[in-house]
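Below is one structure; the comments refer to it alone.
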Amino acid sequence: MQFPPLKTSFALLMSALLLPAFLHSQPFYQNDEAAEWADSTLTNMTLNEKIGQLFMVAAYSNKGRQHERELKSLIEDYHIGGLIFFQGGPVRQARMTNRLQAAAKTPLMIGMDAEWDLAMRLDSVAKLPWPMTLGATNDSALAYRYGSTIGRHCKRLGVHFNFGPVLDINTNPDNPIVGVRAFGEDVERVTKMGIGYMMGMQDQGVLACGKHFPGHGDTDQDSHHTLPTVNQSYVRMSEVEWEPYRRTMEHGLASVMVAHLNVPSLDKSGTPTSLSSIVIDSLLRKELNFEGLSFTDALNMRGVSSLYPPGEVDLRALKAGNDVLLFAEDVPAAVVKIVEAIALGELTEAEIDVHVRRILMAKHGAGLSEYKPIEIAGLVADLNDRSTDVLRTQIFDNAVTVVTNQDRLLPLTVAEGETYTVINMGSRLNDNLETAVELYTDVVSLDFTGNNATDILRSAAKSDLVILGYFTDDTNPWRRFKMNDAEVQFLQRLLLQNKVIFVHFANPYGLRSAGDIDKIEAVLQAYQNTPEAAQAAAQIIFGAQEARGTLPVTIGSLLPGGHGIPTIDLHRLRYGHPEEVDMDPAFMARIDAEVQRAIEAKATPGAQVLVARRGVVVMHKSYGRPTYEARTMVQNNELYDIASITKISASLPMVMRMYDEGRLDLDDELGDFLPETVGTDKEHLKIIDILTHQAGLQPWIPFYVKTLDVGKPNEKYYRKSPEEGFTRRVAEDLYIMDSYEDTMYAAILESPLTKAGDYKYSDLGYYFMKRIVEQTYKAPLEELVDEYLYSKLGAWSMGYLPRNHFDIDMIIPTERDQYFRYQLVEGDVHDQGAAMLGGVGGHAGVFSNANDLAKLMQMYLNRGEYGGVRFFREETIRQFTRCPYCINENRRGIGFDKPQLEGAGPACDCASPNSFGHTGFTGTIAWVDPDEELVYIFLSNRVYPSAENRKLISMDIRTNIQEIIYDSLEQ
């Protein structure tokens, strides 16, 4: 995968995590060049200018010009050194920053609380998962990328300091303010993730700030509202709370934020730690040897503001040894206090110089010695870059944790006839889980609202398995996440009647309120209410990926921190990003343009495109409308008539099954299976020659023509409604005589053969294949493929006779037939011959959406295996996908199409000789390339309104898209 250039490689990061403790904890930005600039700047400052550098004042880009004027006054009159931005938007903040920087004699240090990226404070920007979600991955490489991403975004917005990472060890599950802001409760996990986060961010030139020293994790109070007490011994805090600080300091941590805490074991006077010289000077500076910046926590918080008024609290924080006074509420009053203290000898200017020198060196490290205004153009796009989306997805993929898995229920293997229900429950319902699960199987979706328990339970009782999603609001980490009594009671009642998979999209501590979760068949902790979390959970449930996450905190007595049950990968398709499989994501925009070109040219009213590589669907998109006149847009779950792709998705796989089972040999002849061929010139046609289209059969026979009377369906052969002897539906209000199938086969038997051995594409051989399969297995083809293939693949949309299973609105129309059926063909097969067989042909009749057709093609790419089910032997796949007669200039595989040997053909010239697939008359293609591990699906209804429309073909839309896909592959 390609990511923005990073100064620190993963190998260097891993080696850094193993380094021994240094004797000195020097921030990365402290060097001779920084010292020279700081000293030069300091020499030219007045005392008031020096004092001003100590203050970092709160700024809001959503408060209007009066607020900005007040800040400008503080910059010009009091020379404040920095701003900490809170709520607003990125463009407003950037413009405001530029204006305020222009008013500053010494460039301002801009800081933000962006623990999980800028979205913690700003609108219109990407949001990364909570740190605890990241902690569940226990992956320092992801932590590095997380920090690097935040750093890149901060730097782009002109932010020099980010107040993260949180290095608290969250050992108290009732902690009201830290919680999911921490990486977890384990010292090693928090330390490892903290180092990765810090190094990633600082490698982007943005300074990190470890917080909340000396440790805010083991408290059940919030320092925003009161002064929390931490009742831990000095030894315990040294071994637990301070370890992440020691080790991040060893690797160049820029700064530390000191919390407002009462820690009797450190300062018996009850002085808040942020105002305690014992904590800051003795412990942080001398014992831990920290030379970076020391920030107070916000001085407006009640943990200190309830004890001392503005100005007084600032002075006390400074005298305790802090460098930066964060969120000073009254700078003028504080300046007066500090000047008075210097006059009284309580502080010296030399002490002020020490603090200011540290601040200036940090400013140099942030690039402020060569300050440049923020570039506004492209800002929002840069802050919502694709790499952030990729990282967010990968974090959830690695974080989602299997907590219980009784009898190894997970991963599920989809079984024929099994029914699934998704129930959504909680305070922020959505369809994320349903949407994700539907990629693997058909589901019924229900919402529990608190007063419909009986109805929901009654509906769920019809299902073999229920996937219950519990959703809470993850707008911020402090939203309510505990289940209420009605929700717990519903869960317990559900467990009495159903097998349940419970997916918890909330703070992991919320599992404590769920009751006896060990009684649930399977429990997944998904951490947050996001589409990425739902997708990761579904992929684990159905075996598209293995479960790798572990609990970052302890949940009750049965689930300790570090617990997580691994599951296996069943090699189903999963859903991700092109970057994950070494594809340039720019290809998607090029495909968009190519499909739009087709739609504008009226080559097709709409289409679906799916691209997968290495088992990852990286693009699945629908375009246009079902018809040119339709108001609705094509949706990904809607079904297309896939025409001749039916050959490789229905009749051929059943022939391959016969081959697998020893019931058929490729050199067998039609007469070996079909007695009606004996004595005809079709008797000795070999199966291999039929499947490679060199048996001499005619391309097709227009069977319908002989059933017309003056161009309209003859009442001798058709009825307007089904009745005895006329039960096979051809189209709306059109049912053909059941026995006419025999007439069609007789016509095939009587049709002349061309020269055997010459390649001539023909549908007719697949009429025979259908009969062979049905007579061998003594069941209709539509039932056989559904039982043996589609149901086991989880391809719920795929099959014959879609009108019997789906609403007509889910089925894309094909032609406005003006020569046979005289109607819009919708939900009935377009191919006339297959329609006259009642909709089930060996050569046509299957409908599917792109996603389900991709499952079949991925199974072929997997050499006959998918979802934990072995469909064919590897040797069978190799046999049927080879090109046995390429030497005779016949490109065909055995049933499968292959790339052209020369000239135009079904695939682009870039497709490898090992690739295979098929195209369809309605404007479809399904293609696999084992060499590049590619699956490509294109579905359209180019035959609307008329099959005479060949623009899709003449414009080479399908092959152009395929070429775009190959162009994207990073070699």
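The values are calculated or read from the model by the stated rules, or taken from the named source; none is laboratory data. Quick caveat: nothing in here was measured; it's all calculated off a predicted structure. In this analysis, Cβ positions are derived from the backbone assuming ideal geometry, glycine residues included, and neighbour counts consider all displayed protein chains.
Within segment 828-877, can you find the residues that are within 25 Å of Ile736 (Cβ to Cβ), within 33 Å of the chain's Cα centre (by Cα) and not in a loop (DSSP other than H, G, I, E, B)? If you could, list the steps in order and put the result at the bottom.
Here is the first cut: in segment 828-877, the residues within 25 Å of Ile736 (Cβ to Cβ) are 828-848.
Retained after the next criterion (residues that are within 33 Å of the chain's Cα centre (by Cα)): 846-848.
Within segment 828-877, Phe847, Ser848 qualify.
Yes or no, residue by residue, for (1) under 30 Å from Glu33 (Cα atoms); (2) part of a helix (DSSP H, G or I):
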site	(1), (2)
Ser282	yes, yes
Leu299	no, no
Pro310	no, no
Leu325	yes, no
Val336	no, yes
Ala341	no, yes
Leu347	yes, no
Glu351	yes, yes
His364	yes, yes
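Just to be sure before I move on: is His216 at pLDDT below 95, assigned to a loop (DSSP other than H, G, I, E, B) and in the same structural domain as Glu250 (by TED's automatic domain parsing) in the structure I sent?
On the way: at pLDDT below 95: no; assigned to a loop (DSSP other than H, G, I, E, B): yes; in the same structural domain as Glu250 (by TED's automatic domain parsing): yes.
For His216, the condition - at pLDDT below 95, assigned to a loop (DSSP other than H, G, I, E, B) and in the same structural domain as Glu250 (by TED's automatic domain parsing) - is not met.
Which pairs have Cβ atoms under 8 Å, sit 6 or more apart or on different chains, and link a residue in segment 673-684 that is without any contact (Cβ under 8 Å) to a residue 60 or more places away in the chain to one that is buried (at least 16 other Cβ atoms within 10 Å of the Cβ)?
Val678/Gly671; Glu683/Glu669; Glu683/Leu670; Glu683/Gly671; Glu683/Thr677; His684/Glu669; His684/Leu670; His684/Gly671
Take the residues in segment 51-101 that are in a helix (DSSP H, G or I) and among the β-branched types (Val, Ile, Thr); name whichever of them is surrounded by the fewest Cβ atoms within 10 Å (Cβ to Cβ). Let's see the steps before the verdict.
In the first step, residues of segment 51-101 are kept if they are in a helix (DSSP H, G or I); the result is 51-52, 65-78, 90-101.
This time we only want the ones that are among the β-branched types (Val, Ile, Thr), so: 51, 75, 91, 97.
On the way: Ile51: 26, Ile75: 23, Val91: 17, Thr97: 21.
For segment 51-101, the residue satisfying everything is Val91.
What residue, of Ala119, Ala143, is of a type outside the set (Phe, Trp, Tyr) and surrounded by fewer than 24 Cβ atoms within 10 Å (Cβ to Cβ)?
On the way: Ala143 fails: surrounded by fewer than 24 Cβ atoms within 10 Å (Cβ to Cβ).
Result of the check over Ala119, Ala143: Ala119.
Criterion first (surrounded by fewer than 20 Cβ atoms within 10 Å (Cβ to Cβ), touching a residue at least 24 places away in the same chain (Cβ under 8 Å) and not in a strand (DSSP E or B)) does Ala779 satisfy it?
Numbers: surrounded by fewer than 20 Cβ atoms within 10 Å (Cβ to Cβ): yes; touching a residue at least 24 places away in the same chain (Cβ under 8 Å): no; not in a strand (DSSP E or B): yes.
Against the criterion (surrounded by fewer than 20 Cβ atoms within 10 Å (Cβ to Cβ), touching a residue at least 24 places away in the same chain (Cβ under 8 Å) and not in a strand (DSSP E or B)), Ala779 does not qualify.
Scan the strands (runs of 3 or more DSSP E) fully inside segment 879-958 and keep the ones with 2 or more residues being surrounded by fewer than 19 Cβ atoms within 10 Å (Cβ to Cβ), in contact (Cβ under 8 Å) with a residue 40 or more places away in the chain and of a type in the set (Gly, Ala, Ser).
By residue number, no strands (runs of 3 or more DSSP E) qualify.
Just to be sure, is Ala104 part of a loop (DSSP other than H, G, I, E, B), farther than 30 Å from Glu188 by Cα, more than 37 Å from the chain's Cα centre (by Cα) and not polar (S, T, N, Q)? Steps first, please.
Working: part of a loop (DSSP other than H, G, I, E, B): yes; farther than 30 Å from Glu188 by Cα: yes; more than 37 Å from the chain's Cα centre (by Cα): yes; not polar (S, T, N, Q): yes.
It is true that Ala104 is part of a loop (DSSP other than H, G, I, E, B), farther than 30 Å from Glu188 by Cα, more than 37 Å from the chain's Cα centre (by Cα) and not polar (S, T, N, Q).
Across segment 447-503, which residue is nearest to Glu434 (Cα to Cα) among those that are in a helix (DSSP H, G or I) and polar (S, T, N, Q)?
From segment 447-503, those in a helix (DSSP H, G or I) are 453-460, 485-497; that's our starting set.
After this cut, where a residue has to be polar (S, T, N, Q) as well, the list is 454, 459, 489, 492, 497.
Working: Thr454: 21, Ser459: 16, Gln489: 23, Gln492: 22, Gln497: 21 Å.
Among those that are in a helix (DSSP H, G or I) and polar (S, T, N, Q), it is Ser459.
Condition test on Ala415, is it outside any helix (DSSP H, G or I) and under 30 Å from the mean Cα position of the chain (by Cα)? Don't jump to the end; show me each part of the working.
Working: outside any helix (DSSP H, G or I): yes; under 30 Å from the mean Cα position of the chain (by Cα): yes.
Yes.
Does Leu837 satisfy the condition of being more than 18 Å from Phe916 (Cβ to Cβ) and surrounded by fewer than 24 Cβ atoms within 10 Å (Cβ to Cβ)? So that I can check it myself, show each step before the final result.
Working: more than 18 Å from Phe916 (Cβ to Cβ): yes; surrounded by fewer than 24 Cβ atoms within 10 Å (Cβ to Cβ): no.
Answer is no for this residue.
Within the set of pairs 6 or more residues apart or between chains, which connect a residue that is outside the structural domain of Val466 (by TED's automatic domain parsing) inside segment 521-536 to a residue that is among the β-branched types (Val, Ile, Thr) with Cβ atoms less than 6 Å apart?
Filtered contacts from segment 521-536: no entries.
It is to be established whether one or more residues within segment 338-361 are buried (at least 24 other Cβ atoms within 10 Å of the Cβ) and either among the basic types (Lys, Arg) or modelled with pLDDT under 95 (or both).
Looking for residues that are buried (at least 24 other Cβ atoms within 10 Å of the Cβ) and either among the basic types (Lys, Arg) or modelled with pLDDT under 95 (or both), one finds none in segment 338-361, hence no.
Within segment 671-689, how many residues are buried (at least 16 other Cβ atoms within 10 Å of the Cβ), aliphatic (A, V, I, L, M) and out of contact with any strand residue (DSSP E or B) (no Cβ under 8 Å at 6 or more places or on another chain)?
Of the residues in that region, 2 qualify.
Filter segment 456-475 for residues that are under 26 Å from the mean Cα position of the chain (by Cα) and in contact (Cβ under 8 Å) with a residue 24 or more places away in the chain and give the result. Show your work before the answer.
To start, the set of residues in segment 456-475 that are under 26 Å from the mean Cα position of the chain (by Cα) comprises 465-475.
Leu465, Val466, Ile467, Leu468, Gly469, Tyr470, Phe471, Thr472, Asp473, Asp474 - these are the residues of segment 456-475 that are under 26 Å from the mean Cα position of the chain (by Cα) and in contact (Cβ under 8 Å) with a residue 24 or more places away in the chain.
Would you call Ala904 assigned by TED's automatic domain parsing to the domain that holds Ile957, aliphatic (A, V, I, L, M) and closer than 30 Å to Asp807 by Cα? Give the derivation first.
Numbers: assigned by TED's automatic domain parsing to the domain that holds Ile957: yes; aliphatic (A, V, I, L, M): yes; closer than 30 Å to Asp807 by Cα: no.
Judged against the criteria, Ala904 is not a match.
Among the listed residues Arg512, Arg548, which satisfies the condition of being of a type in the set (D, E, K, R), assigned to a loop (DSSP other than H, G, I, E, B) and assigned by TED's automatic domain parsing to the domain that holds Leu494?
Arg548
Could you count how many residues in segment 414-445 are out of contact with any helix residue (DSSP H, G or I) (no Cβ under 8 Å at 6 or more places or on another chain), within 23 Å of Tyr790 (Cβ to Cβ) and of a type in the set (S, T, N, Q)?
2
If Tyr29 satisfies all but one of (1) modelled with pLDDT of 95 or more; (2) surrounded by 19 or more Cβ atoms within 10 Å (Cβ to Cβ); (3) not basic (Lys, Arg), what's the number of the condition it fails?
(1)
Only one residue in Thr707, Thr692 is on the phi < 0 side of the Ramachandran plot, assigned by TED's automatic domain parsing to the domain that holds Phe921 and either under 52 Å from the mean Cα position of the chain (by Cα) or exposed (fewer than 13 other Cβ atoms within 10 Å of the Cβ) (or both). Which one? So that I can check it myself, show each step before the final result.
Values: Thr707 fails: either under 52 Å from the mean Cα position of the chain (by Cα) or exposed (fewer than 13 other Cβ atoms within 10 Å of the Cβ) (or both).
Result of the check over Thr707, Thr692: Thr692.
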